[in-house]
Amino acid sequence: MAKIGVSPTRSERLGLLAARLVLTAVFATAAIPKILNPTDFAVVILNYQVCGTYTSVWIALFLPWLELVCAIGLFAPALRRASGLVLAGLLIVFILLHGQAWARGLEIACGCFGDFTTLDRPKTNYAWLLLRNALLLATCWLVIMKDLRNQQQVRVA
Amino acid sequence: MSLLREFFLLGILVLAGAIVSLFLGWASHPWHGLPIKPGEIRAEDVRGLDVLWLDARPESAYAKAHIKSALWFNPEDPEAALLLAADAWLTDPKPIVIYCASESCATSGELAEWLRIQLPDAEIYNLQGGWAAWQKSE
């Protein structure tokens, strides 16, 4: 059944706003230390042992900005859908990266929020990282679905 | 706005951000690779050289695999490990390169600094990226 003209309820709007705020806060918080310390972040990427030094350095330059732009983009109508899709893609990549690191028994820093070393820190808890990213992915998926549905309703109207 | 345009706009903004990082000096030029810190040496630069290798990873990791001819340097008991390393170095003086598991492991960097004090006449380096970088460079 078409939902043309059916506006979301107040609780739906609040839920969507909360989801966007959570995603924006998480990704902006994650991006800023990486933007300020790209060399340390490149080392963290290198430690995942999935790419070489040069690739790590390039990723360390662009990835944090991608996270930050997409985090802010969730609130910008001109960037909303693409931002959600990119963030979902990033979360899938992160889940795969952590999964392979866990499977290979790598004792490395996550690098997620500026934790660039395992020195003086407890061991990386891969189960928690996977669960956290899965929850964020589910949140991201809800936001994407809502945005795409809104876009379809606008087109039909 | 079409989805393609949204992606294009995202790309432009990300590129602008990366340029800001380079312009403000937050990031070094990526085409130069990973900046090397004082006292470090890259795996590709040391490969093939005649050096005294010291492996500062846990014993289990050393037993599993290590750089050929590397001596195990117990980070838990550096005093005892120093005797072995000093003996090897005095027998056949050559540059010493110490490594641990990976770049995020700071053990080898700290041990390299400590070794420079203990063996002031020795030329001591810390392998950038450690065992992980060595394997990558193979």
Helices (runs of 4 or more DSSP H) lying entirely in segment A:52-157 (those with 3 or more residues that are of a type outside the set (A, V, I, L, M, F, W, C) and within 9 Å of another protein chain (Cβ to nearest Cβ)): A:53-73, A:80-103
Of the conditions (1) surrounded by 17 or more Cβ atoms within 10 Å (Cβ to Cβ); (2) more than 14 Å from chain A (Cβ to nearest Cβ); (3) without any contact (Cβ under 8 Å) to a residue 40 or more places away in the chain, B:S102 clears all except one; give me its number. (2)
Where the second residue is buried (at least 24 other Cβ atoms within 10 Å of the Cβ) and part of a helix (DSSP H, G or I) and the first is more than 8 Å from chain A (Cβ to nearest Cβ) and lies in segment B:124-137, which pairs have Cβ atoms under 6 Å and are six or more apart or on separate chains? B:I124/B:L115; B:N126/B:S108
Can you confirm whether segment A:80-96 contains a residue that is farther than 24 Å from B:L3 by Cα and surrounded by fewer than 22 Cβ atoms within 10 Å (Cβ to Cβ)? yes
B:D55: passes all of (1) in contact with a strand residue (DSSP E or B) (Cβ under 6 Å, 6 or more places away or on another chain); (2) on the phi > 0 side of the Ramachandran plot but (2)
What do you reckon, is A:I45 modelled with pLDDT of 95 or more, within 30 Å of B:S60 (Cα to Cα) and more than 9 Å from chain B (Cβ to nearest Cβ)? no
Which listed residue, of A:A25, A:A18, A:A30, is within 30 Å of B:W134 (Cβ to Cβ) and either more than 19 Å from the chain's Cα centre (by Cα) or part of a helix (DSSP H, G or I) (or both): A:A30
Sole residue being farther than 18 Å from B:A101 by Cα, within 14 Å of chain A (Cβ to nearest Cβ) and surrounded by 12 or more Cβ atoms within 10 Å (Cβ to Cβ), chosen from B:A56, B:A61, B:A43, B:A27: B:A27
Taking the residues in segment B:105-115 that are of a type outside the set (A, V, I, L, M, F, W, C) and in contact (Cβ under 8 Å) with a residue 60 or more places away in the chain as candidates, determine which candidate is nearest to the other protein chains (Cβ to nearest Cβ). B:G109
Among helices (runs of 4 or more DSSP H) lying entirely in segment B:43-97, which contain 1 or more residues that are under 30 Å from A:Y54 (Cβ atoms) and free of Cβ contacts under 8 Å to residues at least 24 places away in the same chain? B:43-46, B:59-64
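The values are calculated or read from the model by the stated rules, or taken from the named source; none is laboratory data. Predicted model only: the values in this text are computed from it and were never measured. Heads up, the Cβs are rebuilt from the backbone with ideal geometry, glycines too, and the neighbour counts pull from every protein chain shown.
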